[in-house]
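Input: a single structure, listed below in structure tokens.
What follows is calculated from the coordinates using simple rules that are stated; it is not laboratory data. All values derive from a computational prediction rather than experimental measurement. FYI the Cβ positions are ideal-geometry reconstructions off the backbone, even for glycines, and counts take in every protein chain you see.
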Amino acid sequence: GGEAQRIRLATQIGSALVGVLYVLDEPSIGLHQRDNHMLIETLKRLRDIGNTLIVVEHDEETMLAADYIVDIGPKAGVHGGEVVFAGTPKELLSCESSITGQYLSGRKFIAVPQQRRQGNGKFITIFGAQENNLKNIDVKFPLGCFICVTGVSGSGKSSLVNSILYKSLGRMLGRKSLIPGKYREITGVEEIDKIINIDQSPIGRTPRSNPATYTGLFTDIRSVFAATPEAKARGYRDARFSFNVKGGRCEACQGDGTIMIEMHFLPDVYVTCDVCKGKRYNRETLEVKYKGKNIYDVLEMTVEEGKKFFENYRSIHRKLKTLSDVGLGYIKIGQSSVTLSGGEAQRVKLSTELSRWSTGRTMYVLDEPTTGLHSYDVDKLREVLQRLVDAGNTVVVIEHNLDIIKTADYIIDMGPEGGDGGGTVIASGTPEEIAANEKSYTGQYLKKALHGRN
């Protein structure tokens, strides 16, 4: 996303237009700190020739370089939607009510851990990695650790982690459809029982899928309603409370709550169903209540509200608690998956993993999980990843965000440059060891992050 946006940005600079309003959505996605200042200089050049730029951004450096900041909040979802602050970056630093201002000023920060995990003494080692620009390298991944793979854009991080590590281990552990990149040998596979890639793709492709269906929560909620005296008296079973099958759903909209009107040669229009008024169920189903609420009311609750409502049901409460723990307490239990951002979808997946009983032998792979996340959310994400490692698992993250990198147990820094100038391991070890390595670009920025705020 970020690369395509930067290509379009380059063409705009070449055209030298004046008096244009440019809108950019997170142009810093996938950029190493070394390349970030070049992007900022480019944006300033567009401004200086007489244009206006509106940038949606979470990157600290970009925010501080702005002339004017509009901060929306105070939090997310139902707890947001207000302008918390509007003014210069300098004024934002002293704004007490702005969470963004608290992180920018250093009043709030993500602390460096007191000690790094040593791992469990076992390793997965890749020998002779040669995919794309990788220069026939050998790489060790210590197990039982939080590992960050870093390096400038195009240095070979994705080739190493996604194409070789994830796909080769996945194939060896039973997913034969995965075709790994080029390497000579891999050892230590017997030390893990599964490998999971948690990305930012949607949790479902239709408006019917939602956090409740993805996490398995909806099955438990339907059972609660089917067990009520009213449902038993009417002979209703669990399926009666599903909007995917006939019986309890509104047949006019087939449980969608909306009706699609086909507009030939124009995008389709969705209107609220005039029979169920968007409630998805028929009148008889909605008459069944648990603690004064029907199934529609429950799906409209936020995760935080649902946590209190179902505190006596252990399995439901546990799943809602993990959704809340990953910072999604504000989303609705039945919120359509197509309205969730990439970061929200990823955290729904993470919460599902957290709510499972851990074997302590799983490897999780995440490619830039902080994309689209505010510092407040990055801290929540960091807590979740650390919890997965505390359970004995291994987490491998490709990342540019220094707040995540400085909290890692082990770093593999790729480089030195991008493309043909990359493909080698510049340094590996603890964040402190990387910061002390003069050849590492990541180390130069990491040094400031480690000593600046902790």
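With the charge dipole of the range 211-337 set up from +1 on Lys and Arg Cβ and -1 on Asp and Glu Cβ about the Cα centre, the Cα lying farthest toward the positive end among the listed residues Ile221, Tyr313, Tyr270 is that of Tyr313. Converting the Cα gyration tensor eigenvalues of the range 150-250 into ellipsoid dimensions via √(5λ) gives semi-axes, longest first, of 45, 16, 11 Å.
How much mean residue ellipticity at 222 nm does the chain get from its helices, if each DSSP H run of length 4 or more adds -39500 (n - 2.57) and you divide by all residues, to the nearest 500 deg cm²/dmol?
Computed ellipticity for the chain at 222 nm equals -9500 deg cm²/dmol.
Global dimensions of the chain from alpha-carbon coordinates: Rg and Dmax equal 24.6, 74 Å.
The angle between the Cα long axis of helix 33-48 and the longest principal axis of the Cα atoms of the chain comes to about 80 degrees, rounded to the nearest 10. Beta-bridge orientation, the chain: approximately 50 percent antiparallel, per DSSP, counting only bridges with both partners inside.
Only the Cβ atoms of Lys and Arg (+1) and of Asp and Glu (-1) were treated as charged; on that basis the dipole of the range 2-105 about its Cα centre amounts to roughly 280 debye. Between Tyr68 and Ala111, the FRET efficiency estimated from the beta carbon spacing at R0 = 35 angstrom works out to 0.70.
The modelled label-to-label distance between Glu311 and Gln118, using points 7 Å beyond Cα along the C-beta direction, is 4.3 nm. Between 0 and 90 degrees, the angle of helix 375-390 with respect to the longest Cα principal axis of the chain falls at about 90 degrees. For a 4.7 Å threshold on C-beta separation, the list of partnerless cysteines in the chain reads Cys95, Cys145, Cys148.
Treating only the Cβ atoms of Lys and Arg (+1) and Asp and Glu (-1) as charged, compute the dipole magnitude of the chain about its Cα centre; round to the nearest 20 debye. Intermediate values should be presented prior to the final figure.
Details: 58 positive and 55 negative charges, 351 e Å.
Value, rounded to 20: 1680 debye.
With a cut-off of 8 Å between alpha carbons and a minimum separation of six or more residues, what is the relative contact order of the range 144-217 in percent?
Numbers: 44 pairs, mean separation 14.5, N = 74.
That works out to 20 percent.
Rg and Dmax of the range 211-337, both derived from C-alpha coordinates alone, stand at 15.5, 52 Å. For the Cα atoms of the chain, what angle does the longest principal axis make with the long axis of helix 217-226, in degrees from 0 to 90, nearest 10? On a 0 to 90 degree scale, this one is about 10. Separation of the range 237-305 and the range 162-219, taken as the distance between their Cα centroids, equals 32 angstrom. Summarising the label geometry, the points placed 7 Å from Cα in the beta-carbon direction at Lys291 and Val23 lie 4.1 nm from one another.
Filter the chymotrypsin sites (Phe, Trp or Tyr not before Pro) in the range 33-107 to those in DSSP coil with at most 14 other Cβ atoms within 10 Å of their Cβ, and list the result. Passing both the DSSP loop test and the Cβ count: Tyr68. The three principal axes of the C-alpha atoms in the range 344-447 carry coordinate ranges of 42, 29, 26 Å, sorted with the longest axis first.
Find, among the chymotrypsin sites (Phe, Trp or Tyr not before Pro) in the range 188-267, those assigned to loop by DSSP (not H, G, I, E, B) with at most 12 other beta-carbon atoms within 10 angstrom.
Phe265
Highest average first, the peptides 182-189, 301-308 ordered by how many other beta carbon atoms sit within 10 Å of their residues are 301-308, 182-189. Ordering Lys439, Lys406, Lys289 by the number of other Cβ atoms within 10 Å of each residue's own Cβ, fewest first, gives Lys439, Lys289, Lys406.
Applying 1/(1 + (r/R0)^6) with r as the Cβ-Cβ distance of Ile261 and Ala436 and R0 = 41 angstrom yields a FRET efficiency of 0.05. Each label point was placed 7 Å from the Cα along the Cα-to-Cβ direction; for Asp420 and Asp199 their separation is 2.9 nm.
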